[in-house]
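Written out below as structure tokens is the structure these notes cover.
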Amino acid sequence: MSTTTLSHPGTRPLRDGAFGNAVHLVCRECGATTALGPSYACRECFGPLEVGYDYPALTREQVEAGPKNIWRYQQLLPVPADITASPNMEPGFTRLIRARNLGRALGIERLWVKDDSGNPTHSFKDRVVAVALSAAREFGSTVFACPSTGNLANAVAAAGARAGMKTVVLIPDNLERPKVVTTAVYGGTLVAVRGTYDDVNRLASEIAGEEDGWAFVNVNVRPYYAEGSKTLGYEVAEQLGWRLPQQVVIPVASGSQLTKVDKGFTELVRLGLVEDSPYRIFGAQASGCSPVATAFKDGHDVVRPVKPDTIAKSLAIGNPADGPYVLDVARRTGGAVEDVTDEEVREGIRLLARTEGVFAETAGGVTVATLKKLVESGRLDPDQETVVLNTGDGLKTLDAVADRVGPAATIDPSYSAFTAAGLV
Ligand SMILES: *Cc1c(COP(=O)(O)O)cnc(C)c1O
Ligand SMILES: [Zn+2]
């Protein structure tokens, strides 16, 4: 942590309005504020910083008149009003589908799937990277970088390419091959590191501590990056007709997404854009990497790091930075954090595909399987309106189900062969 003040992702003087309605960074531990800039750790206590705002008066009509992507919420993000003038991705406004069949299978009356596989690089990471890119640009960063469990690698490589920035992406060397290919194709420098994600993340912090001008989206630009996840909460509420759902199930890797969906809901209430109604937030992890679920069940405030061993690689963070805040949100809202086995993850992927025609990656399998487990154990109320997030695309993790599904038969191209196979 002592290296945090030694280097910076950029030192360009900030433009007026570079961060829109954001006014400062505030420590999530001690509440100390600091000027907007390339900082991520509190000078007083080393706690993580987050973005604070001077909230505008914002109406539903104003939002609805905006572009059909996350920039419709520009006023609630640390990005300039002219955000759409510079090359960036246009993620978000992904579909929210009514999941009647899955709901019937699980006994949940009003169930929705928020399908973030529809983003530019097919995961929710495009949201956070787009906001981080804007910050990196304002800081004058020269390198756009990240340590990644896979989806972030895709999003950083693609957004950096579009913005014409030099990218450096660090991944564990055991990543699914599709995620390697779909990162490398965008050019830039892709480095496979022998170790777990947590080793890769440590290396990134070390590089960030030594090299000036490097914007590691989820390390030294993390306060800005994290804000992008709020748009998931905004969209769910807007797509429900400006209403908060009663229950939400969210996958947990570092835990940032889950805590920011909660922040997004809170802001909508504060701005009067939705009615103040109670909601419960549930976290989902794979049993092979479930440090937050374990802490939740044990009643602990501290999350003890683990060494991941699961097919849900996009969630395989053994030492989650936002773990304690996930515990806070789950406990405060009356939710829970639960975990499911890899076998249940594979089943979850197939269940969602067969009932709703949505092919999720392993993280989506984790979330659907957790939803099932929560409702079966009586902790999720089947009579309340529920939203489950699918955060990534099954095409990137084909191996998870490849040996379970396939053609019913291989036949010669004749009608008699077809009927002889006895398929219909
Ligand atoms: C990164 C990721 C998550 C979780 O993100 P955190 O904010 O780190 O908890 C969930 N789903 C997918 C597909 C991801 O790639
Ligand atoms: Zn502090």
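The values are calculated or read from the model by the stated rules, or taken from the named source; none is laboratory data. Remember, it's a predicted structure, so these values are computed and weren't measured experimentally. Reconstructed Cβ throughout: ideal geometry from the backbone, glycine too, with neighbour counts over all protein chains shown.
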Revision key, fill the gap. Here, strands (runs of 3 or more DSSP E) confined to the range 80-165 with at least 3 residues that are among the hydrophobic types (A, V, I, L, M, F, W, C) and under 21 Å from the mean Cα position of the chain (by Cα) are 111-115, 143-147
Check your understanding: In the list Gly334, Gly406, which residue meets the criterion of being over 24 Å from Tyr225 (Cβ atoms) and touching a residue at least 40 places away in the same chain (Cβ under 8 Å)?
Key -> Gly334
Check your understanding: So which residues in the range 209-253 are within 10 Å of ligand 1 (Cβ to nearest atom), of a type in the set (Gly, Ala, Ser) and in contact with a Leu (Cβ under 9 Å, 6 or more places away or on another chain), if there are any at all?
Key -> Gly228, Ser229, Ala253
Revision key, fill the gap. In the range 64-79, residues that are surrounded by 15 or more Cβ atoms within 10 Å (Cβ to Cβ), touching a residue at least 24 places away in the same chain (Cβ under 8 Å) and assigned to a loop (DSSP other than H, G, I, E, B) total 4
**Study point:** Flag for Gly378 being at pLDDT 95 or above and buried (at least 24 other Cβ atoms within 10 Å of the Cβ)
**Key:** no
Exercise for review: Check whether at least one residue in the range 394-416 is under 27 Å from the mean Cα position of the chain (by Cα), within 15 Å of ligand 1 (Cβ to nearest atom) and assigned to a strand (DSSP E or B), and report yes or no.
Suggested key: no
Check your understanding: Restricting the search to the range 27-59, which residues are surrounded by 14 or more Cβ atoms within 10 Å (Cβ to Cβ), more than 16 Å from ligand 1 (Cβ to nearest atom) and under 26 Å from Glu238 (Cβ atoms)?
Key -> Gly52, Tyr53, Leu58
Review point. Any chance the range 295-314 includes a residue that's within 18 Å of the chain's Cα centre (by Cα), more than 30 Å from Val405 (Cβ to Cβ), within 13 Å of ligand 1 (Cβ to nearest atom) and not in a loop (DSSP other than H, G, I, E, B)?
Key: no
Practice item. Take Leu258 and decide whether it is under 15 Å from Ile70 (Cβ atoms) and either touching a Pro at 6+ places or on another chain (Cβ under 7 Å) or outside any loop (DSSP other than H, G, I, E, B) (or both). Key: no
Review point. Is there a residue in the range 177-196 that is outside any helix (DSSP H, G or I), buried (at least 21 other Cβ atoms within 10 Å of the Cβ), touching a residue at least 12 places away in the same chain (Cβ under 8 Å) and of a type in the set (D, E, K, R)?
Key: no
Review point. How many residues does the range 1-33 hold that are within 16 Å of ligand 2 (Cβ to nearest atom) and at pLDDT below 95?
Key: 4
